[in-house]
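S.K.: Would you mind keeping the following structure in view while I ask a few things?
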Amino acid sequence: MDARDKQLLRSLRLELCTEVLVDGVVIQYLYQEGILTDSHVQEIKSQTTSQRKTMMLLDILPTRGPKAFDAFLDSLQEFPWVKDKLMVKRKEMTVQDPAGKARI
């Protein structure tokens, strides 16, 4: 995952935790696509609240390679408004910094 996408997930972390329920289609899709391993799925499912499950996923995603962010976007079928927001913010970050480097 590139630095811009990591920064985007970090900047929207709390918002994502309140709007996305990862226990279901999201983690199953990411497992199907090879982004998450079986142990990742078990670790996420072991969390006690839906917010903690989402936080755990957001901790794991940046370490899962270059396809992880796009696969995460694809997994948000049940949350189209969240996917749209992420895509808009991602595009804004690209426009602000055409080199693709995240601003800190």
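The values are calculated or read from the model by the stated rules, or taken from the named source; none is laboratory data. Everything numeric in this text was worked out from a predicted model, so none of it was measured. With ideal geometry, Cβ positions are generated from the backbone for all residues, glycine too; neighbour counts draw on all protein chains shown. Quick note on the areas: whole protein, heavy atoms, side chains included, nothing else; ligands and nucleic acids left out. Shrake-Rupley method; radii C 1.70, N 1.55, O 1.52, S 1.80 Å.
S.K.: For segment 3-88, with all protein chains present and a 1.4 Å probe, just round the carbon and sulfur fraction of the accessible area to a whole percent. Walk me through the intermediate numbers first.
M.R.: Values: 2350 of 4540 Å².
Ligands and nucleic acids excluded, carbon and sulfur give 52 percent.
S.K.: What spacing in nm lies between the two simple spin-label points modelled at E43 and E19, each 7 Å away from Cα in the Cβ direction?
M.R.: Computed distance between label sites E43 and E19 equals 2.6 nm.
S.K.: Could I ask something else about it? Sequence gap of 8 or more, or different chains, plus Cα separation below 19 Å: how many lysine pairs satisfy both in the chain?
M.R.: 17
S.K.: How large is the accessible surface per residue of the chain, computed with a 1.4 Å probe and reported in Å² as a whole number?
M.R.: Dividing the accessible area of the chain by its residue count gives 58 Å².
S.K.: For log10 I(q)/I(0) by the Debye sum over Cα atoms at q = 0.20, 0.22, 0.25 Å⁻¹, the listed values are (i) -0.96, -1.05, -1.20; (ii) -1.01, -1.21, -1.51; (iii) -1.21, -1.48, -1.77; which was obtained by calculation from the structure presented?
M.R.: After the calculation, the listed value that fits is (ii).
S.K.: If the only charges are +1 at each Lys and Arg Cβ and -1 at each Asp and Glu Cβ, what is the size of the charge dipole of segment 3-88 around the Cα centre, to the nearest 20 debye?
M.R.: Details: 11 positive and 12 negative charges, 59 e Å.
Roughly 280 debye, rounded to the nearest 20.
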